[in-house]
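Below is one structure; the comments refer to it alone.
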Amino acid sequence: MEDLLGRTTPPARLSRCTLLEIYRRTRNQQAALDNPHEFANVAVQLIKQELAKQLLDGIQYERIGECYEMTQFELEVPSWQEYLVPAGHCLYDPVIVESDIERDFVEALEKKGQVLLYVKLPGWFKVPTPIGDYTPDWAIVIEPRDAHGQPTGEQRLYLVRETKDTTDLGRLRPEEAGKIHCGERHFRELGVDYRVVRSADDLM
């Protein structure tokens, strides 16, 4: 168990006394004797999950004054034709999508007059988390409109949205849900509206 914990990413270190105590509290100690390797694999997986939960529950982000430069955005991003969607309001035209949900999202954004600009965030845009870096899907600039579709003159809204086929984080993989939880904390500290959405109708 000690060796397996040290070879995970990021590595975790528990004392042998702690590992022995975990074994002592295990209901099925015989499993460790019957198949030590499988027992260690399962135990380490559960230990990592619990450690991650504790880290995620207490995570906090602070502003440090750094920013990304526009020059970091590539002029062109190569991709296969079937993953490209024509886009008039995106930083890139066409925009690369990775799923049907993203394709529908982009096509709907293009029809919304209040959307001034959006971009699929590139892989180098990372939010550090205890369980690995997280790159959210979209950054969007919105111009508030009234009931008649006219600009209200209010300050533009800057949104970050993650597109999923569900907004119930309990239905996502634990690692995926954990990174979204960290993204929420991160953007809250920046004063940026962040949300998981299923479609562009859930934008606001």
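Restricting the stretch 181-204 to residues that are of a type in the set (Val, Ile, Thr) and surrounded by 16 or more Cβ atoms within 10 Å (Cβ to Cβ), the residue that is nearest to Pro130 (Cα to Cα) is Val196. Does Arg161 fit the bill of being in contact with a strand residue (DSSP E or B) (Cβ under 8 Å, 6 or more places away or on another chain) and loosely packed, with under 14 Cβ neighbours inside 10 Å? Taking the combined requirement at face value, the residue does not satisfy it. Just a yes or no: is a residue in the stretch 103-126 under 17 Å from Arg195 (Cβ atoms), among the polar types (S, T, N, Q) and within 13 Å of the chain's Cα centre (by Cα)? Within the stretch 103-126, none of the residues are under 17 Å from Arg195 (Cβ atoms), among the polar types (S, T, N, Q) and within 13 Å of the chain's Cα centre (by Cα). For the stretch 1-39, filtering for residues that are touching a Lys or Arg at 6+ places or on another chain (Cβ under 8 Å) and free of Cβ contacts under 8 Å to residues at least 40 places away in the same chain leaves 3.
Yes/no matrix, rows are residues, columns are (1) polar (S, T, N, Q); (2) under 10 Å from the mean Cα position of the chain (by Cα):
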site	(1), (2)
Thr129	yes, yes
Thr135	yes, yes
Ile142	no, no
Ala147	no, no
Gly153	no, no
Lys164	no, no
Thr167	yes, no
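Does His181 satisfy the criteria of being closer than 21 Å to Lys48 by Cβ and either assigned by TED's automatic domain parsing to the domain that holds Asp133 or at pLDDT 90 or above (or both)? When the stated conditions are applied, His181 passes them.
Would it be correct to say that Gly183 is in a helix (DSSP H, G or I) and more than 21 Å from Ala87 (Cα to Cα)? It is true that Gly183 is in a helix (DSSP H, G or I) and more than 21 Å from Ala87 (Cα to Cα). Filtering the stretch 171-180 to residues that are part of a loop (DSSP other than H, G, I, E, B) and surrounded by 15 or more Cβ atoms within 10 Å (Cβ to Cβ) leaves only Leu172. Answer yes or no as to whether Gly113 is assigned to a loop (DSSP other than H, G, I, E, B), modelled with pLDDT under 85 and surrounded by fewer than 16 Cβ atoms within 10 Å (Cβ to Cβ). So Gly113 fails the test. Looking across the stretch 85-95 at every residue that is in contact (Cβ under 8 Å) with a residue 12 or more places away in the chain and in contact with a strand residue (DSSP E or B) (Cβ under 6 Å, 6 or more places away or on another chain), the one that is farthest from Val141 (Cα to Cα) is identified as Val85. The single condition among (1) surrounded by fewer than 12 Cβ atoms within 10 Å (Cβ to Cβ); (2) modelled with pLDDT of 90 or more; (3) farther than 20 Å from Ile131 by Cβ that Asp168 does not meet is (3).
Checked against (1) within 29 Å of Lys111 (Cβ to Cβ); (2) surrounded by fewer than 16 Cβ atoms within 10 Å (Cβ to Cβ); (3) touching a residue at least 40 places away in the same chain (Cβ under 8 Å); (4) not hydrophobic (A, V, I, L, M, F, W, C), Pro151 meets all criteria but (3).
Any residue that is surrounded by 15 or more Cβ atoms within 10 Å (Cβ to Cβ) and within 23 Å of Gln49 (Cβ to Cβ) - is there at least one of those in the stretch 116-127? Checked against the condition, which is being surrounded by 15 or more Cβ atoms within 10 Å (Cβ to Cβ) and within 23 Å of Gln49 (Cβ to Cβ), the stretch 116-127 yields at least one hit. Of the residues in the stretch 135-144, at least one is within 30 Å of Gln49 (Cβ to Cβ) and free of Cβ contacts under 8 Å to residues at least 24 places away in the same chain.
The values are calculated or read from the model by the stated rules, or taken from the named source; none is laboratory data. Bear in mind that the values here come from a model prediction, so they are computed numbers and not experimental data. Every residue, glycine among them, receives a Cβ derived from its backbone with ideal geometry; neighbour counts consider all protein chains shown.
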